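Asker: First the structure, which I've put down as structure tokens, then a few questions once you've had a look.
The values are calculated or read from the model by the stated rules, or taken from the named source; none is laboratory data. Just so you know, these numbers come straight off a predicted model, no measurement behind them. Backbone-built Cβ (ideal geometry, glycine too); neighbour counts: all protein chains shown. Note: accessible area is taken over every heavy atom of the protein model, side chains too, but ligands, DNA and RNA are not part of it. Shrake-Rupley method; radii C 1.70, N 1.55, O 1.52, S 1.80 Å.
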Amino acid sequence: TSALREVKEETGLDVVLRGILNVESAFIPPDGYFLTVHLLAEVAGGELAANDDLECLGWYPLAGPLPEIAFAPDVDVILACAGGGIPMVPISPPGLRE
């Protein structure tokens, strides 16, 4: 999936997607529109290395303190996840038909 490729490209890590935490959209005038999908993933391999697109890369405990994050909704999802307040929508394994 595109999420797996993007994580590999930006961080050097291979991950397994575990679930969908949140989906939201935002309009930033005059012509910016964003759709954000927050996914829960588990590291399966690779080596942590920042791509040139990243300002910083590191591990932070969910309990904080967190680094500066550009978008408040992202902080809200992280804090809700840390507090156990987000039900996860599981992602079916590849090849499994529902």
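Asker: Given the criteria part of a loop (DSSP other than H, G, I, E, B) and at pLDDT 90 or above, does LEU17 qualify?
Answerer: no
Asker: Tally the residues that are out of contact with any helix residue (DSSP H, G or I) (no Cβ under 8 Å at 6 or more places or on another chain) and open to solvent by less than 90 Å² (accessible area, probe 1.4 Å), restricting the search to the range 9-20.
Answerer: So the answer is 6.
Asker: So how many residues does the range 21-53 have that are open to solvent by less than 60 Å² (accessible area, probe 1.4 Å) and of a type outside the set (Ser, Thr, Tyr)?
Answerer: 11
Asker: Restricting the search to the range 66-82, which residues are in a loop (DSSP other than H, G, I, E, B) and either open to solvent by less than 70 Å² (accessible area, probe 1.4 Å) or modelled with pLDDT of 90 or more (or both)?
Answerer: Answer for the range 66-82, where residues must be in a loop (DSSP other than H, G, I, E, B) and either open to solvent by less than 70 Å² (accessible area, probe 1.4 Å) or modelled with pLDDT of 90 or more (or both): LEU66, PRO67, ILE69.
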